[in-house]
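Undergrad: My questions will all concern the structure given below.
Values quoted throughout were computed directly from the atomic coordinates according to the rules given, and no laboratory measurement underlies them. None of these values were measured; they are calculated from a predicted model. Here the Cβ is made from the backbone with ideal geometry for all residues, glycine too, and neighbour counts use every protein chain on show.
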Amino acid sequence: MPFNTALTRKLGIKIPVVQGGMQWVGYAELASAVSNAGGLGTLTALTQPTPAALAAEIARCKALTPHPFGVNLTLLPALQPPDYHAYAQAIIDSGIRIVETAGNSPGPVIRQLQAAGCVILHKCTSIRHALSAAKLGVDFLSIDGFECAGHVGETDVTNLILLSRARQSLVGGVPFIASGGFADGQGLAAALALGAEGINMGTRFMCTVEAPIHHNVKVAIVEARETDTELVLRGWRNTSRLFGNKVAKEAVKVERESVSGAFEDVAPLVSGKRGREVFVNGDVDYGVWTAGQVIGLIHDIPTCRELVERIEREAEDTLDRVGSLVVGRGSRPREKQPPPGEVGTDMNNPGAELWGIGKQKL
Ligand SMILES: Cc1cc2nc3c(=O)[nH]c(=O)nc-3n(C[C@H](O)[C@H](O)[C@H](O)COP(=O)(O)O)c2cc1C
């Protein structure tokens, strides 16, 4: 059964599951497989060396799926930042109308994308940042808890609190999806119960057949526990959650013991270049790579279709089971739900037609 949430309605997808942007992982193979399975696949703009290369990757993804997919554009502090506006323009010119933004000072890029009619899902790790993004008029907030892979922020609030804070602070305003720590349908059901319109997953999608990374990385995830991640670069207020391999542990040690406190002491260990190489050569200790605490919940390497369909089934079963726990409702009326509304009318979204959502009341 397709789900009916603000996310599925707006994006024209069947299951409210988004594959978050992933550097060196978010290529057309993965994004198209997620979209073909009924979720929202996402290309990662900065995996491409130039805006022109991104346009080519978008074209490749379009050839692999007739369903909607998005592009992630991450704005990170850098001595020589990429030309974010040029990447945004490539997204717009390629006809993409769903963009996941993340990172610092996203205002100008978000405004550029909004002017072209893009639906913006903005990812943030604190309520303060969520409220700023809400002021920019983003369509969805992606609330990334402390469990998440990658940039966890500096407030260390896990999703059980953060999602309810989002519901309490933003209710009546911008809808949100839950990100960080999700791997199964029980998680999706929990997120919906907490007020989210869907979930965003990174690490779980890394560990699928179609993720274009070395098999050894997927096996390392399957064998890991939830305690096998490390937080690095805390000292520079740029904290990242990484897979707890030899290099990440060494980076934490150097960071803790460094007398100078200089970034140069730790820089060679956290090199993104060596991390990228891990995904190609399969030596999981060659460099640092990103993973979330959810590794403890991952026990197999399914196809994206198997995974998304399993999540759908588990979420339905969980919601049914939890619903059946309420007995003797008596005369108390159910809270009124908003009408399902039309899907994709504002973005000519093919998914709405294909999944047949929004055409009839579900
Ligand atoms: C390998 C990897 C690379 C990632 N790279 C990015 C990125 O470039 N930009 C971004 O916004 N998020 C990035 N993320 C974060 C994901 O989009 C997502 O927010 C996060 O994985 C959610 O937590 P989870 O792993 O527990 O599902 C990355 C995650 C992983 C696992």
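Undergrad: Given the Cα-Cα distance of Ser105 and His299 and 0.36 nm per residue of separation, how much length would full extension add, in nm?
TA: 66.1 nm
Undergrad: Using helices alone, what [θ] at 222 nm do you get for the chain, with -39,500 (n - 2.57) per DSSP H run of 4 or more residues, divided over all residues and rounded to the nearest 500?
TA: Here the helix-only value at 222 nm equals -11500 deg cm²/dmol.
Undergrad: Take every Cα pair under 8 Å in the chain that's 6+ residues apart, average their separations, divide by the length, and report that relative contact order as a whole percent.
TA: With pairs under 8 Å counted, the relative contact order is 19 percent.
Undergrad: Also, quick follow-up: Nearest 10 degrees is fine. How inclined is helix 304-324 to the longest principal axis of the chain, computing both from alpha carbons?
TA: The answer is roughly 50 degrees.
Undergrad: Now for a separate question. Cross-link partners among aspartates and glutamates for Lys246, C-alpha distance below 20 Å, same-chain residues fewer than 8 apart left out?
TA: Excluding near neighbours in sequence, the set is Glu223, Glu226, Asp228, Glu230, Glu255, Glu257, Glu264, Asp265, Glu277, Asp283, Asp285.
Undergrad: Give me the net charge for the shell around Ile221: Cβ to Cβ below 12 angstrom, other residues only, Lys and Arg +1, Asp and Glu -1.
TA: Neighbourhood net charge equals -1.
Undergrad: Could you give the nm distance between label points at Ala116 and Leu76, where each point is 7 Å from its Cα heading toward the beta carbon?
TA: 2.3
Undergrad: Given Lys135/Lys249; Lys135/Lys273; Lys14/Lys123, which pairs have Cα atoms separated by over 29 Å?
TA: Long pairs (Cα-Cα over 29 Å): Lys135/Lys249; Lys135/Lys273.
Undergrad: Taking K and R as +1 and D and E as -1, what net charge do the other residues with C-beta under 12 Å from the C-beta of Ala190 add up to?
TA: Here the charged neighbours net out to -2.
Undergrad: Calculate the length of the line joining the C-alpha centroid of region 1-51 to that of region 66-121, in whole Å.
TA: 14
Undergrad: Test of understanding: ordering Lys10, Lys253, Lys62, Lys273 by Cβ neighbours within 10 Å, fewest first, what list do you get?
TA: Fewest-to-most Cβ neighbours within 10 Å comes out as Lys273, Lys253, Lys62, Lys10.
Undergrad: Roughly speaking, what is the stretch gain from Asp156 to Glu309, that is 0.36 nm per residue apart minus the C-alpha to C-alpha distance, in nm to one decimal?
TA: 51.9 nm
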